[in-house]
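**Q** So that we are looking at the same thing, I have put the structure below in structure tokens.
The values are calculated or read from the model by the stated rules, or taken from the named source; none is laboratory data. Predicted model, so just to flag it, every value in this text is computed and none were measured. All Cβ positions, glycine included, derive from the backbone under ideal geometry; neighbour counts span all protein chains shown.
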Amino acid sequence: MTLTAAAALPTLRATPVHAANDAFARLDATAQAALVRNGDVSAVELVDAAISRIEALDGTLNAVTTELFERAREQARGPLPEGPFTGVPYLIKDLHDLAGTRNTMGARLFADNVSTADEPYVTRTLDSGVVVVGKSNTPEFGLLGTTESLLLGACRNPWNPAYTPGGSSGGAAAAVAAGMVPFAHATDGGGSIRIPAACCGLFGLKPSRGRLDAGRRPDIDISVQHCVSRSVRDSATLFAAAEYVGADADLPPVGRVERPSECRLRIALDTSNLFGEAPHPDVEIALQHAAKLCADLGHQVEETGPNIDGAAFVHHFISVWASFPAEPIAAAKAQGLEREDVLEPWTLALAQEFERRGPDALPAAARNFDAMARVLDAFFQRYDVLLTPVLKAPPVRIGAQAPTMDYDSLYAAVTDWVSYTPLHNATGTPAMSVPLGWSRDGLPIGVQFAAAHGAERTLFELAYELEAAAPWSDRWPDLAAGTA
């Protein structure tokens, strides 16, 4: 489909939307922090309002799996760190350590696990002044693009609870989309910031490898941390606050990006997924509308993409993905537990796949990732941004990719649906999901913009421009309109 043809496409809109009737829920984190800074409200008031929304909505959504309400109220009474988000309610993903709180990683094996210390990234986030009101739902060990673990139960999409909010940061995205909190901690090892942002109508940027992490990261380390948010400025501000700027930092600091750039970009539009397949028609329409919007804004858009062997890459990416269960399986064995009683079928099947591939699998994957990085390095010498779908199709129904499915069926479903995002985890390049489309069923569709390693400024500046040209923050699911 050409850009010219896209001009005649129907505009897909959400189901009727309403502003959330809670005055605080309508505000992003930056605006909420300004109220506290100016003395118009207290941090306790913001926290109490967030708790009320969680209590009203989470029975339907199951986004918050560990409530930290009294801890949050005590923290909100102060003193709080002086930062850009002092007093603003926040969630930490139940895959990462917050001292003194449960960290299950979505697994029955760790149902009673309590963290003894904060992770370094979490510490930097807390230094921004946020108040953590709970831990958010995640699939077991973050290993799926949906969020429905056997321990924590299915998390549901606020736009239609019959559908997934995505994963693995599904609880974070569902909570933000419903107005429980204005932004939330999220991580991304194969799309886990971008996928739930796309499914829930939010903004989500995956940073470059090494950008927010202390010290050098091996090439095979595919996961990074950041957030999902309603506004671009919340993401950009937290990015600057949590950015690692030590002497051993991989990249020069970006700092706080506050506005779009006047520079016009060379944008490559690529509709094909890693297997050379076209996306669902609704996704195609959303993508073409995004491309036309970019062209209307004066950017140069050309239909092209990097030349990679997608099938070979997916094979190597799964080798890395399948290596993750090794540590929890060893933990189960050390405790004398039957693995089948404490770990999900998908987790165990991945471990078996990794064993079948043998000791050469990870070195081969590292070589492939390095080759893919060189391909993208060359590609981004010619183009500033690569525009693709986030997912091959709109959000799927709860149960369509359940961890109890047989391995072959679930593998086929996952690698088909999640067939645009993993490349940027393997290569370490930054990428963002921007909520610019809607399915015919009224579900959000995100489009992905990626850039060269270290080029987050380019993405944030483009995101500000897109947000101004096609605003999304005033769109709320019906479910969120009924909160008090």
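**Q** Answer yes or no: is there a residue in the stretch 90-109 that is touching a residue at least 60 places away in the same chain (Cβ under 8 Å) and either touching a Lys or Arg at 6+ places or on another chain (Cβ under 6 Å) or among the β-branched types (Val, Ile, Thr) (or both).
**A** Checked the stretch 90-109: at least one residue is touching a residue at least 60 places away in the same chain (Cβ under 8 Å) and either touching a Lys or Arg at 6+ places or on another chain (Cβ under 6 Å) or among the β-branched types (Val, Ile, Thr) (or both).
**Q** May I pose another question? Within the bounds of the stretch 357-367, is there any residue that is part of a loop (DSSP other than H, G, I, E, B), out of contact with any helix residue (DSSP H, G or I) (no Cβ under 7 Å at 6 or more places or on another chain), of a type in the set (Asp, Glu) and without any contact (Cβ under 8 Å) to a residue 24 or more places away in the chain? Let's see the steps before the verdict.
**A** Let us first name the residues in the stretch 357-367 that are part of a loop (DSSP other than H, G, I, E, B), namely 358-360.
Keeping just the survivors that are out of contact with any helix residue (DSSP H, G or I) (no Cβ under 7 Å at 6 or more places or on another chain) gives 358-360.
Still in the list and also of a type in the set (Asp, Glu): 360.
In the following step, the residues that additionally are without any contact (Cβ under 8 Å) to a residue 24 or more places away in the chain were identified as 360.
So far as the stretch 357-367 goes, yes, one or more of its residues are part of a loop (DSSP other than H, G, I, E, B), out of contact with any helix residue (DSSP H, G or I) (no Cβ under 7 Å at 6 or more places or on another chain), of a type in the set (Asp, Glu) and without any contact (Cβ under 8 Å) to a residue 24 or more places away in the chain.
**Q** Select from the stretch 420-454 the residues that are surrounded by 24 or more Cβ atoms within 10 Å (Cβ to Cβ) and hydroxyl-bearing (Ser, Thr, Tyr) and list them in ascending order.
**A** Tyr420, Thr421, Thr427, Thr429, Ser433
**Q** Of the residues Ala400, Ala468, Ala412, Ala480, only one is free of Cβ contacts under 8 Å to residues at least 24 places away in the same chain and either of a type outside the set (A, V, I, L, M, F, W, C) or out of contact with any helix residue (DSSP H, G or I) (no Cβ under 6 Å at 6 or more places or on another chain) (or both); which?
**A** Exactly one of Ala400, Ala468, Ala412, Ala480 is free of Cβ contacts under 8 Å to residues at least 24 places away in the same chain and either of a type outside the set (A, V, I, L, M, F, W, C) or out of contact with any helix residue (DSSP H, G or I) (no Cβ under 6 Å at 6 or more places or on another chain) (or both), namely Ala412.
**Q** Can you name the number of the only condition in (1) within 20 Å of the chain's Cα centre (by Cα); (2) at positive phi that Gly442 fails?
**A** (1)
**Q** Ok, one more. Could you please find all residues in the stretch 1-43 being aliphatic (A, V, I, L, M), part of a helix (DSSP H, G or I), modelled with pLDDT of 95 or more and out of contact with any helix residue (DSSP H, G or I) (no Cβ under 6 Å at 6 or more places or on another chain)?
**A** Those that are aliphatic (A, V, I, L, M), part of a helix (DSSP H, G or I), modelled with pLDDT of 95 or more and out of contact with any helix residue (DSSP H, G or I) (no Cβ under 6 Å at 6 or more places or on another chain): Ala31, Ala33, Ala34, Leu35.
**Q** Continuing with this model, one more query. Scan the stretch 139-156 for residues that are among the charged types (D, E, K, R) and assigned to a strand (DSSP E or B) and jot them down.
**A** Scanning the stretch 139-156 gives a single hit, Glu148.
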